Amino acid sequence: MTAVRRLGAALAPPAVAVLIALAITALLLTVLGVDAGTALRALVDFGGSAQGQANQLRTLLSGAVPLFLAGVAVSVAFRMNLFNIGVEGQYRVATVCAAYVGGELALPMPLHVLVIVLVAMLAGAAYAAVPAVLKVTRGVNEVITTIMLNSIAVGLAAYLVAGPFRDSTAGEGGNPTTRPLGESARLPGFQDSFLLLGLQPPTRPVTGFLVVAVVVGVVVALLVSRTRFGFELRASGANPTAAVASGIPAKAMVLRAMLLSGALAGLVGLPELLSEDYSYGTSFTSGLGFTGIAVALLGRNSVPGIAVAALLFSFLDRAGPSLETQGIPPSVSTIIQGTVVLTVVVVNEVAARLLARREDRRVRGRTEPAAVPAAAAQQGEGRA
Amino acid sequence: MTVDTSERTAVPASPGRRVSRGRVLLLGLAGVVVLLSLTRVVTGADVLTSSGTAAALLVLALPIALAGLGGLIAERAGVVNIGLEGMLILGTWGAGWAGFQWGPWAALLAAVVGGALGGLLHAVATVTFGVNHIISGVAINLLAAGFVRFLSELFLVGRSGGGATQSASIVGSVPSLSLPVLSSGPDLLGRLEATRLPVLADLGGLLGGLTRDVSVFQIVAVLLFPLVGWLLWRTRLGLRWRSSGEAPTAAETLGVDVVRIRYLAVTLSGALAGFGGLFLVLFAGRYIEGQTGGRGYIGLAAMIFGNWRPGGLLSGSLLFGFTDALRLRAPDAVIALLLLVAVVLLVLAVVSFVRHRRVATVLAGATGVVALLGWLLLDSLPLQVVATTPYIVTLVVLAVASQSLRPPRAAGLPYRRGQA
């Protein structure tokens, strides 16, 4: 019974928040003269044909993978109240480095992918080390430094891909890219496996990086909840003073959390690199890091929550084209995403207050009658 | 979530050697002019202190400064406002939308209202619902970016050349003024600039650029800084305002309505950011998506650099505006800045060495040497790297400056009425 209740308490606030966000968006759309009914119908429309539905499902799953990874990266730092807004820049730098190394190397299949993944994680961690070191040695707020580093990453990646990392075999014309990955670095995807579920195979496969994302999710969940590092991470976040008093080194924890967060951020661009683009160019998807923050907030820093949030965001992103065919601005899905995040943090706060009040009442009901007047008096004083 | 978002340590001012703040500011400015003049003479980059650069500096510094001022009044009341970027975005959209239809005065109104609405949203989330200030701010930034795209698709597409990512051109113009004699007519400052003498020509160029053809909006914006300083440090309301940011529960026991002050502060904060957005739109002649380019965050960095005071904030913004102006007007001259950065970092390394801070010495020394080598060895910087100058300068400045700062004590901390 309690397990069910706990699950209910964990799921209810986000669900309520999503409903409130939909209501607010519908209201907003109506005020601005857009038919909210059509918009919401277009959001859930997967198309009529079996092939179309399979393709929509593929877009949903493939789109959720990078968002999930970005959300997990953000959440690791969030766990100890470090705001790594820099996932955006970290994955950009990591992807351009990984694409360069992967393109220039020729290795057998599993090793090649492994090297690319390692380079990406190292580059992401190295880029995240800058704000971490600045915070630890100079006390600079990581929110501002990571944001500055995001903008620097845009210039840095553009410079690298146009200069030292440019594909030397390609001609001078066209947009600069890194050298395309060889066959041994191209990740196979899920396409025919749709048949096992009784579905039509989609025209393009779901990224094979889905497996990596699942593994990363499980590892991070275990790391945070079952290891000493995870305990120290959570303790530093929940009560920094108590954590320091019990011997957890605060500065080392900042470094470790940021480096881990950066290493995970390095994975964000890889699904696109390894199973779609095979090279880094100016048109590489941007903004995944920022959306990752929203996904982490929505998922309340828990790995399963982040997975659900990533699927929800990908679900909304996927609706863009079908909104457009209905004559509705596709940015409606962005608005819903933003509203969901804001309402979810508000609803979380309200839910926490309600829970605290209920707990308060429950505890007071159990205490000795003699103690009640004192507690009530205190409560009354507090309300004054 | 109870978070102490401000990990900057408080350092009490030593009572022994207290110099008036105005004098420090003047000395600092004089030092900057001399340093710039030296750099100009050594590198021959006249554009460093030309009047054109100074004029662009004012245009580019004001959005940053106004966003920073918004951050200042919010944090002085105890609310951290990372959402300034979003409010700046709302301001630019409002200015673009109203500006192409009804001219600059309507743009001013729409920009301020747009920013204020963003601020109000932040106030509702943080003050009424007690949401973590950083989280709410980040959410507002995400929301604002999506919202303006949506609004553009509804209200800008197909209207006199507007599209999903930009508005039509702003109509009308803003009246502007010049200083008589000094920067117009006889134009004494302009003649001084033409002499090319060290320090004097630099002074003539900078002052001339800052006082020639200044728009009414710019004058109002600059006057806001002494006004906020007077309001916060010289009036009764200001005392209550700052006490809400230092010790809200104590203020509450004395009858201060902390909630109302914070609402006022955060809404005004958004309005100021929106006003800043107006300058970006007027500069570009239209609203363009993404034209804020993180200036809301740079404004916060300027506020931290300025130790949560209007004067310091303004000088920080001038620094960022200067690097921005330089990279836009003369990308080739940016390399001259490397020399400046190298000198500053090497001085910092020496200071850290004297204070036995080993890590800081190594970091500052190494970066300084790299900057110096870069200046000596490179002929020009790649354009993509030049574009990141303001952000790199922000990083360097924060790393150098953020030691002896004292933020408002309760900024970012959770507060609920009735817990005193």
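Here are the numbers:
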item: Single residue of region B:283-316 satisfying the filter (of a type in the set (G, A, S) and assigned to a loop (DSSP other than H, G, I, E, B)) that is farthest from A:T145 (Cα to Cα); result: B:G285
item: Qualifying residue in region B:356-373 (condition: surrounded by fewer than 14 Cβ atoms within 10 Å (Cβ to Cβ), away from chain A (no Cβ under 13 Å) and not in a helix (DSSP H, G or I)); result: yes
item: Residues being over 13 Å from A:P271 (Cβ atoms), in contact (Cβ under 8 Å) with a residue 60 or more places away in the chain and either out of contact with any helix residue (DSSP H, G or I) (no Cβ under 8 Å at 6 or more places or on another chain) or surrounded by 18 or more Cβ atoms within 10 Å (Cβ to Cβ) (or both) - total across region A:189-206; result: 1
item: Only one of B:A330, B:A342, B:A399, B:A336 that is within 12 Å of another protein chain (Cβ to nearest Cβ) and either surrounded by 17 or more Cβ atoms within 10 Å (Cβ to Cβ) or among the β-branched types (V, I, T) (or both); result: B:A399
item: Only one of B:R191, B:R240, B:R212, B:R236 that is without any contact (Cβ under 8 Å) to a residue 40 or more places away in the chain, charged (D, E, K, R) and crowded, with 18+ Cβ neighbours inside 10 Å; result: B:R240
item: Any pair with Cβ under 8 angstrom, 6 or more apart, that starts in region A:21-36 at a residue that is more than 10 Å from every other protein chain (Cβ to nearest Cβ) and ends at one that is of a type in the set (D, E); result: none
item: A:T137 part of a helix (DSSP H, G or I), more than 26 Å from the chain's Cα centre (by Cα) and either within 14 Å of another protein chain (Cβ to nearest Cβ) or buried (at least 19 other Cβ atoms within 10 Å of the Cβ) (or both); result: yes
item: Residues satisfying the stated conditions in region B:110-150, i.e. within 11 Å of chain A (Cβ to nearest Cβ) and closer than 13 Å to B:G91 by Cα; result: B:N141, B:A144, B:A145, B:F147, B:V148
item: Close pairs (7 angstrom Cβ cut-off, 6 or more residues apart or separate chains): outside the structural domain of A:L22 (by TED's automatic domain parsing) in region A:307-330, buried (at least 20 other Cβ atoms within 10 Å of the Cβ) and aromatic (F, W, Y) anywhere; result: A:A307/A:F68; A:A310/A:F68
item: Close pairs from region B:280-299: first over 19 Å from B:L151 (Cβ atoms), partner assigned to a loop (DSSP other than H, G, I, E, B), Cβ under 7 Å, at least 6 apart; result: B:L282/B:I170; B:L282/B:V174; B:G285/B:S169; B:G285/B:I170
item: Of the criteria (1) more than 8 Å from chain B (Cβ to nearest Cβ); (2) surrounded by fewer than 19 Cβ atoms within 10 Å (Cβ to Cβ); (3) not small (G, A, S), which one A:V161 fails; result: (2)
item: Complete set of residues in region A:138-155 that are farther than 20 Å from B:I135 by Cα and of a type in the set (A, V, I, L, M, F, W, C); result: A:I152, A:A153, A:V154
item: Among the residues listed as A:L187, A:L114, A:L122, the single one being more than 22 Å from B:Q384 (Cα to Cα) and modelled with pLDDT under 90; result: A:L187
item: Single residue of region B:235-273 satisfying the filter (assigned to a helix (DSSP H, G or I) and of a type in the set (D, E)) that is farthest from B:A74 (Cα to Cα); result: B:E252
item: Helices (runs of 4 or more DSSP H) wholly inside region A:258-354 containing at least 3 residues that are within 14 Å of another protein chain (Cβ to nearest Cβ) and within 29 Å of A:L160 (Cβ to Cβ); result: A:288-298
item: Residue ID - nearest to B:I82 (Cα to Cα), chosen from residues in region B:156-185 that are out of contact with any Ser or Thr (no Cβ under 7 Å at 6 or more places or on another chain) and not in a loop (DSSP other than H, G, I, E, B); result: B:Q166
item: Residues being among the aromatic types (F, W, Y) and either assigned to a helix (DSSP H, G or I) or crowded, with 22+ Cβ neighbours inside 10 Å (or both) - total across region A:29-75; result: 1
item: Of all residues making up region B:309-365, the number that are basic (K, R) and touching a Leu at 6+ places or on another chain (Cβ under 8 Å); result: 1
item: Number of the condition not met by A:R58 [criteria: (1) of a type in the set (D, E, K, R); (2) closer than 15 Å to A:L255 by Cα; (3) not assigned by TED's automatic domain parsing to the domain that holds A:P304]; result: (2)
item: Residue within region B:99-109 that is within 14 Å of another protein chain (Cβ to nearest Cβ) and buried (at least 24 other Cβ atoms within 10 Å of the Cβ) present; result: no
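The values are calculated or read from the model by the stated rules, or taken from the named source; none is laboratory data. Remember, it's a predicted structure, so these values are computed and weren't measured experimentally. For neighbour counting, all protein chains shown are included, and Cβ atoms are generated from backbone atoms with ideal geometry for every residue, glycine included.
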